[in-house]
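> Below you will find the structure I want to go over with you.
Read-outs throughout are calculated quantities, based only on the coordinates presented, and are distinct from any laboratory measurement. Bear in mind the structure is a predicted one, so any value in this text is a computation, not a measurement. Positions of Cβ are generated from backbone atoms using ideal geometry, with glycine treated the same way; all protein chains shown enter the neighbour counts.
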Amino acid sequence: MNTKNIVALGLIGIFTLSSCSDDDSNDMMQENASANLYATSHANGNVTRYNLTTNSVTTFNTSASDSEGIYYDPESDSFTIATRGMTQTSLQTYVGISDMITATINLSVDFSSQAILQNPRDLAVSGDFYVVADSQNANAGRFFVFEKSNGSMTLSRTITTDFSVWGIEFVGNDLYAVVDNTNELAVFTNFLSSNPANATVSASKRIAIEGIVRTHGIAFDGGTLIMSDIAAASGTGADADGGFHVITNFLSKFNATANGGTLAVGQQIRYAGSATLMGNPVNVEYDAESDTVYVAELANGGGRVLAFGNVSTAGGGNASPALNNSLAGVSSLYFYKG
């Protein structure tokens, strides 16, 4: 067994322990439960699925050549990716993928949106609405809002804002967005209902996250928010200066911070250092039940998928990842357990 499999099995233990129960009625649910991490890549547009329950990996060769932003929908058993490049600038959906378990599978797109994207960075979903964060330049960004209906994906509206966007996450009806090129976090309250048509809007609130140099990735689950810090995007040391912050009881801390204010580093837990293998952590996912953070690390080693367990209790610092898999050009992640 190689080293990658050994560390992956350690992560499987996290899921086994977190799903244990004394209730015999849950036995069948536990037997059928699985945890999958989906990853996209700039290198080829493929989607890699890590089954963290069985320690197996499947590579889906898609119609894309580059992608960033992914979502798995259990109802239609499909994943949707935001494609990038000169000829592919749309959302692409691939249906019926759970039973595909061989090592490599070639897929054809089942349906796609209009080719309107320019520089997609992340994808967040609320009901049938798929929101793509698309960065225009250092001072402007857009949210393309698509509606999924009857096997189609149609552009509903375009919301323009006054900062460059990257990671986005729905928390209830509110859309949280990292402010690229800064250490700031913004929120658009009641995002979909407040913006029913094309518009140019400012965030409802923006705060700084002390300790972060430049943020990219964001994830939320079980009351805890994760934000990544890529620090320097390039240059000497850029492949080892990244990290992520864990903010427990996030909503109460965010609400207690004034608009334009700063959330103190003392209210957060920071993971960073050479042992973490993080340089440019461009995207993150979080599972509250197992208290695990997954990281799409783009700079270190040409691309890695990392995982860190017990993040809210381990105290932060220069921790080694529990999972370390090489994936060239990794750009975004989506975690699904069911």
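> Please give the peptides 233-246, 104-117, 320-333 ranked by average Cβ packing (other Cβ atoms within 10 Å per residue), highest first, as a rough proxy for protection.
320-333, 233-246, 104-117
> Another one. Show me the three semi-axes of the equivalent ellipsoid for the range 244-338, from the C-alpha gyration tensor (sqrt of 5 times each eigenvalue), largest first, rounded to whole Å.
On the way: eigenvalues 118, 44, 37 Å².
Sorted largest first and rounded, they come to 24, 15, 14 Å.
> At what distance in nm do the modelled label points of THR54 and ALA288 sit from each other, each positioned 7 Å from its Cα along Cα→Cβ?
2.9 nm
> What value, in deg cm²/dmol to 500, does the helix sum -39500 (n - 2.57) over DSSP H runs of n ≥ 4 give at 222 nm once divided by the residues of the chain?
Values: 4 runs with 33 residues, N = 338.
That comes out to -2500 deg cm²/dmol.
> Under 19 Å from the 7 Å Cα→Cβ point of GLN267, by amide nitrogen: which residues of the range 175-190?
Answer for this model: 175-179, 183-189.
> Output wanted: per-residue J couplings in Hz (rounded whole) for the range 279-293, from phi through Karplus 6.51 cos²θ - 1.76 cosθ + 1.60, θ = phi - 60°, x for Gly and Pro.
x, 10, x, 7, 8, 9, 9, 9, 10, 5, 4, 9, 6, 10, 9
> Between SER234 and VAL213, what length comes free when the chain is fully extended (0.36 nm per residue of separation minus the Cα-Cα distance, one decimal in nm)? Numbers along the way, then the final one.
Values: separation 21, 0.36 × 21 = 7.56 nm, distance 1.33 nm.
My answer for the length gained is 6.2 nm.
> Determine the shape class of the chain: with a ≥ b ≥ c the square roots of the Cα gyration tensor eigenvalues, call it rounded for a/c under 1.5, and otherwise prolate if a/b is greater than b/c, oblate otherwise.
Numbers: a/c = 1.35, a/b = 1.07, b/c = 1.26.
Cα axes put the chain in the rounded bin.
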